[in-house]
Every structure is written in structure tokens, then in C-alpha cells.
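Participant: Structure provided below as C-alpha cells; questions to follow.
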Amino acid sequence: MPDYRIAGLTVRMTCEGVTARQAEAYRAAFAGEPQITVSVSDAAVARERREHPELDEDGWRYLLTGGSFARQLISYDGFVLHASAIVFDGFAYLFSAPSGGGKTTHTELWLSRLPEAYILNDDKPALRVDAEGRWWVWGTPWSGTSPLNRNEAVPLGGICFLEKGEENAIALADDATASVKLYEQCSKSRRPEEMAALLSLLDRVMSDIPIYTMTCTVDPTAAELSYKTMRRNGK
């Protein structure tokens with residue numbers, strides 16, 4: 001199995017097709033045993049295809065390898081959030097919404113207004129907290145239908161949950177709203193011990209990082225509002 005370094009962890013993964021192409025930038029050689037091993041069986045792919053034939057075999061391998069990585073990441077103080085992560089002024093800002101909810105559209109507005117900004121990951125960034133209590137956002141090979149992802153880590157500046165609206169409005173989320181939104185949009189595990197660890201991580205990121213909710217239009221002023229509200233000014 002090829003070796004990779006993803007989210008700062010050593011990963012041994014069997015992959016092909018789109019997964020292998022997007023993981024190429026994460027290839028790395030290391031000695032010893034990997035921290036995470038990702039292998040998807042033919043039987044698992046066949047089972048998913050029977051239940052959901054709208055996605056081909058390559059697509060299911062892509063989703064299943066990403067899910068396996070996300071579940072194991074929980075044991076290393078991290079989780080995967082369904083979000084588009086954009087970097088500006090040295091911080092990563094995450095915009096999350098259900099599929100079709102406008103997260104990619106919103107980050108494209110940032111790119112149009114802020115030429116120095118770039119996408120770290122357009123669908124499944126990894127969030128990890130280090131020993132000093134600092135949160136980092138990592139690119140991963142799993143970036144949805146877009147190839148936009150980078151193999152790097154950037155300090156987490158903020159998280160915003162989007163809803164389409166007729167006007168632009170943003171505010172800090174209360175704890176109840178933030179916890180529900182985070183839980184809905186993060187990758188989960190069926191194992192009780194991993195779920196307990198995940199819930200602890202969600203509580204911690206809520207305590208450490210500003211979390212917002214925003215209703216937004218597709219006008220560039222939406223990006224200007226979220227940027228001015230969320231920016232960390234290098235602090």
C-alpha cells in the first residue's frame with residue numbers, strides 16, 4: 001500500500017482513480033507502522049453500489065476511503081468537517097452548509113474580492129488541536145467534486161454556517177445552535193468510544209474558536225460582510 005502524510009499523520013492507503021490522483025500531493029515515505037490505515041474492500045463498494053447505484057465504483061471508493069480516514073482521525077484529536085476552507089492573512093476560515101447550501105459559492109466570492117486568498121480544501125478539511133491547544137486546519141485529498149485542496153496546515157480563524165437568504169446577516173452562534181450545526185456537518189463514527197471523543201472535540205472547538213451563522217446572498221457584499229466580521233487581523 002502507498003504511504004501518505006495527511007493532516008500531519010502517517011497514513012497507509014489503498015486507493016485508485018480519483019482518490020489516488022488527489023492524494024498524489026500527499027505521498028510520503030516513512031519508517032515503521034502508519035498511524036492510520038485505509039483500505040476499502042470490493043465487497044463494501046459492491047454493497048454501497050447496490051443500495052446507491054447513482055454513484056459509480058470510483059466514486060464510492062473515494063467516499064469510503066474518506067470516511068475511513070475521518071473516523072480514525074478522531075483518535076488523533078481531530079475531525080473532518082463538511083466545509084469549504086479558505087485562507088487569508090494567515091488564517092483558515094471555514095464555511096459549512098448542507099450540500100447545495102452555497103459554501104463553495106461563498107468562498108468563490110472571497111476569491112473574487114481578495115486576490116491573495118486561496119482554497120485549502122473545498123469540501124472535507126481536517127481540524128486538529130495540538131498539544132498547546134491551538135487548532136489547525138489541514139487540507140485532505142477529499143475535496144468533493146473539486147480538485148481544490150492543498151497539503152498544508154493553517155491556523156483556524158473561525159467557522160461559519162451558511163443559509164441562503166434575501167439579505168446578508170451574520171452573528172455569533174449560541175452554544176445550542178453551534179453544537180447542532182457542528183454535529184450535523186462533521187464526519188461521525190459508529191463506535192461509542194470514538195463518538196465520545198468526537199463530542200469532546202466539538203465541545204472544545206466551540207470553546208476555543210468563534211462560530212457564526214450567516215444568511216447570505218450571492219452578491220459580493222456577502223463576502224465583504226463575513227470577512228470583516230470574522231477576520232483575525234493576524235492575532
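Participant: Report the label-to-label distance for Glu166 and Met1 in nanometres (one decimal), using points 7 Å from each Cα along the Cα→Cβ vector.
Facilitator: 5.3 nm
Participant: How would you rank Ser146, Ser68, Ser99, Ser226, going from fewest to most other Cβ atoms within 10 Å of each one's own Cβ?
Facilitator: Ser99, Ser146, Ser68, Ser226
Participant: Another question, then. With θ taken as phi - 60° and the coefficients 6.51, -1.76 and 1.60, list the Karplus ³J(HN,Hα) couplings across region 25-33 in order, rounded to whole Hz; mark glycine and proline as x.
Facilitator: 5, 9, 4, 7, 9, 8, 8, x, 7
Participant: Test of the criteria: in region 1-88, which GluC sites (Glu not before Pro) are in a DSSP loop and have at most 10 other Cβ atoms within 10 angstrom of their Cβ? Each step should come with its number before you reach the end.
Facilitator: Working: sites: Glu16, Glu24, Glu48, Glu51, Glu54, Glu57; in loops: Glu16, Glu54.
Passing sites in region 1-88 are Glu54.
Participant: P(r) of region 3-76 in 5 Å steps, Cα pairs, percent per bin?
Facilitator: 3, 16, 27, 23, 16, 10, 4, 1, 0
Participant: On to the next question. Using the crude model of +1 on Lys and Arg Cβ and -1 on Asp and Glu Cβ, and no other charge, please compute the dipole size for the chain relative to its Cα centre, in debye to 20.
Facilitator: 340 debye
Participant: Roughly how tilted is helix 42-51, in degrees to the nearest 10 and between 0 and 90, from the longest Cα axis of the chain?
Facilitator: Taking the Cα atoms of the chain, the angle to 42-51 is about 50 degrees.
Participant: Right, another one. How would you rank Phe69, Phe30, going from fewest to most other Cβ atoms within 10 Å of each one's own Cβ? Intermediate values should be presented prior to the final figure.
Facilitator: Values: Phe69 25, Phe30 13.
Going from sparsest to densest Cβ surroundings: Phe30, Phe69.
Participant: When only alpha-carbon atoms count, how far does region 42-87 stretch along each of its three principal axes, as whole angstroms with the largest first?
Facilitator: That gives 36, 25, 14 Å along the principal axes, largest extent first.
Participant: While we're here: Which lysines does Lys228 reach when only Cα atoms under 23 Å apart count, and residues fewer than 8 places away in its own chain are ignored?
Facilitator: Those lysines meeting the cut-off are Lys103, Lys164, Lys181.
Participant: Working from Cα positions, state the angle (0 to 90°, nearest 10) between the long axis of helix 103-113 and the longest principal axis of the chain.
Facilitator: Rounded to the nearest ten degrees, it is 60.
Participant: Please work out the ratio of the alpha-carbon Rg of region 78-179 to 2.2 N^0.38 Å and round it to two decimals.
Facilitator: Normalised by 2.2 N^0.38 Å, the Cα Rg of region 78-179 equals 1.03.
Participant: Translational D (Stokes-Einstein, µm²/s) of the chain at 25 °C and 0.890 mPa s when Rh comes from the Kirkwood sum over C-alpha pairs? Mind dumping the intermediate values first?
Facilitator: Values: Rh = 18.2 Å.
Using the Kirkwood radius from Cα pairs, D works out to 135 µm²/s.
Participant: I need Val205, Val87 ordered by Cβ neighbour count within 10 Å, fewest first.
Facilitator: Numbers: Val205 19, Val87 23.
If I rank by nearby Cβ atoms, fewest first, I get Val205, Val87.
Participant: Here's something else I'd like to know. How would region 120-166 be classified by its alpha-carbon gyration tensor: rounded, prolate or oblate, with rounded meaning a/c under 1.5 and the a/b versus b/c comparison settling the rest?
Facilitator: oblate
Participant: While we're looking at this one, here's another question. Within the chain, what percent of beta bridges assigned by DSSP are antiparallel, to the nearest 5?
Facilitator: The antiparallel proportion sits near 65 percent.
Participant: Given region 50-124, report the % of alpha carbon pairs whose separation exceeds 13 Å.
Facilitator: Percent of Cα pairs beyond 13 Å in region 50-124: 71.
Where a number appears in this text, it was derived from the coordinates with a stated rule and is not lab data. The shown structure was predicted, so the numbers you read here are calculated from the model rather than taken from an experiment. Neighbour counts are summed over all protein chains in view; Cβ atoms, including those assigned to glycine, are modelled from backbone coordinates with ideal geometry.
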